[in-house]
Amino acid sequence: MTELPSDATKRLKAVALKAGASVVGVADAAAFDAYAPAKHRPVDLLPGARTVVVVGGAQPRAGDWVATSPWLLSTMGTTERIQGVGRRIAQAIESELGYYALFVPPGTAAGDAPFMSLMLAAELAGLGARSLAGPVLNREHGFMYWSAVVTTAPLDVDGPETEAACPAPSCREMWERERSTPCLRVCPLEAGGCLEGRLEDGRAVRTAYDAGRCSTRVHTHWVGGFQKVLEETLNEPDRERRKMLVYGDFMTRTLWAITYSSTNIAQCFECMRACPAAHGLKEMR
Amino acid sequence: MTFFRLDPEVYARHRDEVLTLSNSFQRIDRRGLSDREIAERLGLDERTVTEIRVIAERDCYPLDEWQRAIDFKRKACSDWSAAALKRPDLKEP
């Protein structure tokens with residue numbers, strides 16, 4: 001191990017921004033212990049881990065948010081671009097600083113459980129806070145994709161953000177008027193959606209969440225959908241009916257999506273599409 | 001070594017409890033337990049808990065819920081673009 005230069009954190013953050021990150025922060029690896037279960041903490045992935053560098057960016061464009069097809073964002077919304085920045089950071093830590101650096105895999109460790117929660121990492125690195133709908137929102141950029149690198153380097157850490165982007169001022173006004181918010185209105189639990197919550201003293205409080213249903217929306221044409229249709233197909237005794245399932249639009253779209261499954265992992269954006277804190281809907285021509 | 005296959009009866013008995021305790025779906029209010037922690041609590045082995053959890057994640061809803069997901073997204077998306085672009089004609093009936 002080499003001595004860590006005093007400006008190492010600053011230099012590393014400059015590398016991240018130059019590589020395409022919109023935001024970059026550093027979390028204390030030990031801070032995960034209070035929130036993440038064993039096997040999902042930085043030290044479980046990399047023994048001796050001291051800090052976690054988190055980068056965010058690759059947000060959808062204004063045109064993506066107003067597209068008329070929901071399949072556009074589920075195709076173009078990808079972690080791939082920000083993952084490239086994460087890999088660049090890992091390379092810089094090892095080659096320039098001489099410390100171990102582990103790029104956190106974006107996939108899952110078993111079932112739907114991630115190796116490490118990138119949303120928790122973003123929160124602990126001071127890059128955003130959880131919204132009523134769920135995703136971590138950055139106060140300047142809103143909804144973004146995350147990537148993280150666990151390292152043994154004792155970088156300077158950033159504290160968690162104290163003021164959340166959610167609820168946005170217009171959501172507070174809407175709550176006063178209608179006792180609802182845009183995200184709760186678009187996906188209400190009591191009407192077959194996923195979300196339930198309220199604003200209390202200007203803060204968002206989630207009171208219920210149907211994670212199973214959310215999964216069918218976030219991963220519609222993905223591993224879960226494939227398994228469901230496969231099960232249905234195996235249970236179908238009629239050959240021609242089996243063909244309708246296997247060759248149909250759902251299975252075809254699902255297989256296209258699965259071939260990009262390491263990078264294209266979210267397929268529902270409706271709570272974020274309606275969220276004023278997730279993206280500023282600018283006037284465009 | 002034979003291929004590990006979960007006993008459907010064990011699955012049926014512990015499915016709901018494992019899913020409720022797990023960290024498969026991230027929550028805003030509390031952290032879920034790891035498979036090992038769940039195993040200790042329920043007196044099962046970790047491998048069995050992992051298998052119950054992974055299968056239960058797919059077993060929450062029937063296939064029809066995937067169709068509802070498609071219909072929901074189509075409508076929500078077209079409603080939004082119609083409102084944002086001030087183009088009521090884009091709204092799906």
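Laboratory data are not the source of any read-out in this text; all were calculated from the coordinates shown. Bear in mind the structure is a predicted one, so any value in this text is a computation, not a measurement. With ideal geometry, Cβ positions are generated from the backbone for all residues, glycine too; neighbour counts draw on all protein chains shown.
Counting Cβ atoms of other protein chains within 10 Å of each Cβ in B:53-62 and taking the mean gives 6.
When only alpha carbons are used to place a centre, the stretch A:199-221 and the stretch A:162-177 end up 17 Å from one another. Over the residues of chain A, the helix contribution to mean residue ellipticity at 222 nm works out to -10000 deg cm²/dmol, using -39500 (n - 2.57) for each DSSP H run of at least 4. Taking every residue in A:233-242 and counting other chain Cβ atoms within 10 Å of its Cβ, the average works out to 0. Taken over the alpha carbons of the protein assembly as shown as equal point scatterers, the Debye sum produces base-10 log I(q)/I(0) values at 0.08 Å⁻¹ of -0.44. Under 5 Å from the amide H of B:L33 lie the amide H atoms of B:S22, B:N23, each residue being 5 or more positions distant or on a separate chain, with H modelled from the backbone and absent for Pro and chain starts.
Think of it this way: in the protein assembly as shown, A:C166, A:C171, A:C187, A:C268, A:C275, B:C60, B:C77 stand alone, with no other Cys Cβ under 4.7 Å. Mean partner shielding of peptide A:216-224, defined as the number of other chain Cβ atoms within 10 Å of each residue Cβ, is 5. Taking Lys and Arg as +1 and Asp and Glu as -1, the other residues whose beta-carbon sits under 13 Å from that of A:L12 total 0. Over the residues of chain B, the helix contribution to mean residue ellipticity at 222 nm works out to -19500 deg cm²/dmol, using -39500 (n - 2.57) for each DSSP H run of at least 4. Other residues with beta-carbon under 12 Å from the beta-carbon of B:R5 carry, at +1 per Lys or Arg and -1 per Asp or Glu, a net charge of -1. Residues in the stretch B:31-45 near a label at B:M1, defined as backbone nitrogen under 12 Å from the 7 Å Cα→Cβ point? Within reach of a label on B:M1, which here means backbone N under 12 Å from a point 7 Å along Cα→Cβ, the stretch B:31-45 contributes nothing.
Over the stretch A:217-285, what per residue volume does the convex hull of the Cα atoms give, in whole Å³? Can you show the working numbers first?
Numbers: hull volume 8.5 nm³, N = 69.
Taking only Cα atoms, the stretch A:217-285 has a hull volume of 124 Å³ per residue.
When the listed pairs A:K18/B:K75; A:K228/B:K91; A:K10/B:K73 are checked against a 32 Å cut-off, the alpha-carbon distance exceeds it for A:K18/B:K75; A:K10/B:K73. Near A:R139, once Lys and Arg are set to +1 and Asp and Glu to -1 for all other residues with Cβ below 12 Å from its Cβ, the sum equals -3. How large is the charge dipole for chain A, taken about the Cα centre, if only the Cβ atoms of Lys, Arg (+1) and Asp, Glu (-1) carry charge, to the nearest 20 debye? Roughly 600 debye, rounded to the nearest 20.
Evaluated at 25 °C with a viscosity of 0.890 mPa s, what Stokes-Einstein diffusion coefficient in µm²/s does the stretch A:207-252 have when Rh comes from the Kirkwood expression over alpha-carbon pairs? Mind showing how you got there, number by number?
Numbers: Rh = 11.7 Å.
Reported coefficient: 210 µm²/s.
Taking 20 °C and 1.002 mPa s as conditions, chain B diffuses translationally at an estimated 133 µm²/s according to Stokes-Einstein applied to its Kirkwood radius (Cα pairs). Please turn the phi angles of the stretch A:145-155 into ³J(HN,Hα) values with the Karplus equation 6.51 cos²θ - 1.76 cosθ + 1.60 (θ = phi - 60°), one per residue in order, whole Hz, x for glycine and proline. Listing the rounded values in order: 9, 10, 9, 9, 10, 8, 9, 7, 5, x, 6 Hz. Size of the stretch A:42-174: Rg and Dmax of its alpha carbons, in Å, are 16.1, 52.
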